[in-house]
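The values are calculated or read from the model by the stated rules, or taken from the named source; none is laboratory data. Predicted, not measured: the structure shown is a model, and the values here were computed from it. No Cβ is skipped: glycine too gets one built from the backbone with ideal geometry, and neighbour counts run over all protein chains shown. For accessibility, only protein heavy atoms count, side chains too; no ligands or nucleic acids. Shrake-Rupley method; radii C 1.70, N 1.55, O 1.52, S 1.80 Å.
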Amino acid sequence: MPTGGLVTTFAGLAKLDMALAIDKLNELNQLGYRLSTLVWGLTQALESKHDFVDLLTLTKAIDDHEVEESIIQEWARKSPEEVGAWLVEDYSGNRYDELKSKFINNWSYQDREKSGDWLTAHTTQDKLDDDVVNFMRSWSWHSPEAAMEWFKQQPEKVHNQRNFGEFINSVAVSQPQFAAKYLGFVDSKTKQADISRSIYRGLKRRSTSLATAFLEQSPLKNDILELEAESSR
């Protein structure tokens with residue numbers, strides 16, 4: 001359904017009567033409209049943390065996760081540090097992990113390093129490794145070397161062999177030449193073989209000659225061929 005004109009309408013209505021704007025938003029939700037762009041209209045009149053928290057409270061009755069996430073997304077564009085503090089200090093709902101993931105994803109496009117530093121400072125140890133690897137993998141689509149430089153600056157709880165190996169393995173198919181550059185720093189031969197096989201596959205997608213050259217010069221050639229054979233059975 002088209003929403004372009006409605007966004008402008010909601011932006012104007014929110015300035016005049018936020019409660020009425022939210023009622024209209026709920027009506028459109030019942031009619032099946034996607035609400036994320038309309039929420040953008042609501043948030044244009046907001047300036048302070050108090051404003052955004054009030055809107056989150058007032059829209060709870062709509063019971064649509066997209067509304068909550070869209071409000072946080074717009075808030076993060078204006079003041080990501082405020083959103084981070086609110087999540088850690090004030091949020092009491094049951095979607096903390098989901099909202100944190102969305103928040104970090106949005107903030108990372110504004111400032112990769114600051115959002116990554118916040119992630120490592122506010123993630124429990126049992127979830128830190130996976131969150132860090134996912135964060136760097138997302139970053140690697142645009143700049144794998146920048147992600148690696150950030151990683152090198154992190155404390156040992158983040159900058160460790162487990163996370164290093166998982167990160168390289170996770171990008172080996174999509175970024176085979178980058179992964180090949182750092183392959184020798186992986187200290188597990190088993191992990192090196194897995195990554196080498198992924199690098200080989202990634203190179204084959206781009207160039208048969210590059211893949212063949214990598215295979216022929218690799219000390220793990222037999223392991224790569226064996227893993228390839230196993231996967232084709």
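Using only DSSP helix segments of four residues or longer, with each worth -39500 (n - 2.57), what per-residue ellipticity at 222 nm results for the chain after dividing by its residue count and rounding to 500?
So the calculated ellipticity at 222 nm is -23000 deg cm²/dmol.
Packing, as the average of other Cβ atoms within 10 Å across residues, places the peptides 108-118, 171-181 in the order 171-181, 108-118, highest first. Anisotropy class assigned to the range 1-78 is rounded, per the alpha carbon gyration tensor with a/c under the 1.5 cut-off.
Against the chain, whose longest principal axis is taken from its Cα atoms, helix 125-140 shows a tilt of about 80°.
Which of rounded, prolate or oblate describes the range 105-164 when judged by the alpha-carbon gyration tensor and an a/c cut-off of 1.5?
Here the range 105-164 falls in the oblate category.
Rounded to the nearest 10 degrees, the inclination of helix 18-30 to the longest alpha-carbon principal axis of the chain is 60 degrees.
In summary, the lysines within cross-link reach of LYS114, defined as a Cα separation below 27 angstrom excluding same-chain residues under 8 places away, comprise LYS49, LYS78, LYS100, LYS102, LYS127, LYS152, LYS157, LYS181.
Leaving ligands, DNA and RNA out of it, rank PHE167, PHE214, PHE185 by accessible area with a 1.4 Å probe, largest first. List each step's numbers first, then the result.
Details: PHE167 0, PHE214 20, PHE185 130 Å².
If we order PHE167, PHE214, PHE185 from most to least accessible, we get PHE185, PHE214, PHE167.
Taking all protein chains as they are arranged and a probe of 1.4 Å, the heavy atoms of ARG162 leave approximately 100 Å² accessible to solvent. Extension gain, THR9 to SER174, is 55.1 nm, computed as 0.36 nm per intervening residue step minus the present C-alpha separation. To the nearest ten degrees, helix 112-121 and the longest principal axis of the Cα atoms of the chain are 90 degrees apart.
At q = 0.10, 0.12, 0.16, 0.17 Å⁻¹, what log₁₀ I(q)/I(0) does a Debye calculation on the Cα points of the chain give, no solvent, two decimals? Those come out to -0.62, -0.78, -1.02, -1.09, one per q.
For a paramagnetic label modelled on LYS60 (point 7 Å from Cα along Cα→Cβ), amide N atoms under 18 Å away belong, within the range 1-42, to 19, 22-23, 26. Phi angles across the range 63-75 convert, under the Karplus curve 6.51 cos²θ - 1.76 cosθ + 1.60 with θ = phi - 60°, into 3J(HN,Hα) values of 6, 9, 4, 4, 5, 4, 5, 5, 4, 5, 4, 5, 4 Hz, Gly and Pro given as x.
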